[in-house]
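Please read the structure below before turning to the comments.
The values are calculated or read from the model by the stated rules, or taken from the named source; none is laboratory data. Being a predicted model, the structure only gives us computed values, none of them experimental. Virtual Cβ from ideal backbone geometry, glycine too; neighbours counted across all protein chains shown.
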Amino acid sequence: MNLTTLQELWGVTTPAEAEARLAKERSVTDGDSLEAWALGHLGRDIYRVFIEGYTQKQWGRHPSELPSSILKRLPVRLTYDDAYFDDPYQGIPAEGYTGLVGRMLDGVEVRLGSDYLEGRGEWDRLAHRVVYTGPIDALFGGDRGWLEYRSLRFEEERLEVRDYQGCAVMNYTEAHVPWTRVVEHKHFTGVRTPRTIITREHPADYATTREPYYPVPDERNKRLAAEYVERAEAQGFVVGGRLGTYRYYDMHQVVAQALAQAERERARGGTAR
């Protein structure tokens, strides 16, 4: 959300006008829920139009039941800057993450289609140290309770048009639209083709897909996840990623976490596999 968004919503044309309208819209609220933070910092209009419906679709819960940290990570600007984050450098690998990771693993034995938890004894014998990035509760068979996740269902469509939406990602905040975003892949690389492929992302219950994408970071889940992580690290595991640490990371945060952990491993003279 930026000045263009606020101009379309309220008709404001300058940062000062936008700030004045925001100040008028804000309401004093108690608590640190996503809803309370949005109403207190952004006001009811923005909350109603952009946040409430999207949040309920994405998380399967009302914003009053979720922590404000989910929303705080996204900026609201009073300029025409429409970048997703405030970082000075933003982008994706030109060949995608598959190409990037493939070159990093050149010369390294890789076994796909294998489940660490199913053959744990064999894998532990092969490794000096295990890096675990799967669901942290699954590592212990959920013996202290299962964590909650949200999932996604992808609907892909090939269209006989050069350009479907004019950008790589378009979010749909309305509650009545069943998907949260549409991705038009060609815009990531600028490839020119006479047709296009889009993917609609539908939020889904983890129970129906068994594919965990998003940790649900309420107090119960965070407390339980911390117990599992502590146990794993006490047993010598290196724990990482969204699922391993049960945190709602963005990609650059996951990359930074991995690099920092690699430096720690190198400093301690150990080898992780």
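For (1) under 20 Å from Gly240 (Cβ atoms); (2) assigned to a strand (DSSP E or B); (3) in contact (Cβ under 8 Å) with a residue 24 or more places away in the chain, each residue gets a yes or a no:
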site	(1), (2), (3)
Asp115	yes, no, no
Arg125	no, no, no
Ile136	yes, no, yes
Cys167	no, no, no
Thr173	no, no, yes
Pro178	no, no, yes
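Do the conditions hold for Asp45, that is, is it outside the structural domain of Val177 (by TED's automatic domain parsing) and more than 23 Å from Ala83 (Cα to Cα)? In short, no.
Considering each residue of segment 213-221 in turn, none proves to be modelled with pLDDT of 95 or more, over 15 Å from the mean Cα position of the chain (by Cα), surrounded by fewer than 18 Cβ atoms within 10 Å (Cβ to Cβ) and within 21 Å of Gly142 (Cβ to Cβ).
Summed over segment 120-177, residues that are farther than 25 Å from Ala207 by Cα, of a type outside the set (D, E, K, R) and out of contact with any Gly (no Cβ under 8 Å at 6 or more places or on another chain) total 13.
When segment 226-241 is examined, which residues are found to be touching a strand residue (DSSP E or B) at 6+ places or on another chain (Cβ under 7 Å) and surrounded by 14 or more Cβ atoms within 10 Å (Cβ to Cβ)?
Initial filter on segment 226-241 (touching a strand residue (DSSP E or B) at 6+ places or on another chain (Cβ under 7 Å)): 229, 232-233, 237-240.
Of everything in segment 226-241, those that are touching a strand residue (DSSP E or B) at 6+ places or on another chain (Cβ under 7 Å) and surrounded by 14 or more Cβ atoms within 10 Å (Cβ to Cβ) turn out to be Val229, Ala232, Phe237, Val238, Val239, Gly240.
Leu105 meets the conditions (1) closer than 21 Å to Ala262 by Cα; (2) at pLDDT 95 or above; (3) more than 21 Å from the chain's Cα centre (by Cα) in every case but one. The failed one is (2). With a requirement of 2 or more residues that are closer than 22 Å to Glu219 by Cα, over 15 Å from the mean Cα position of the chain (by Cα) and among the β-branched types (Val, Ile, Thr), none of the helices (runs of 4 or more DSSP H) lying completely within segment 33-79 satisfies it.
Within segment 46-72, residues that are surrounded by fewer than 20 Cβ atoms within 10 Å (Cβ to Cβ) reach no partner that is of a type in the set (Lys, Arg) and in a loop (DSSP other than H, G, I, E, B) with beta carbons closer than 8 Å at six or more positions or on different chains. Among the numbered conditions (1) part of a helix (DSSP H, G or I); (2) exposed (fewer than 15 other Cβ atoms within 10 Å of the Cβ); (3) under 15 Å from the mean Cα position of the chain (by Cα), the only one that Gly244 does not meet is (2). For segment 1-22, give me each residue that is surrounded by fewer than 17 Cβ atoms within 10 Å (Cβ to Cβ), touching a residue at least 24 places away in the same chain (Cβ under 8 Å) and either of a type outside the set (A, V, I, L, M, F, W, C) or over 14 Å from Arg44 (Cα atoms) (or both). Within segment 1-22, Asn2, Thr4, Pro15, Glu19 meet the criteria.
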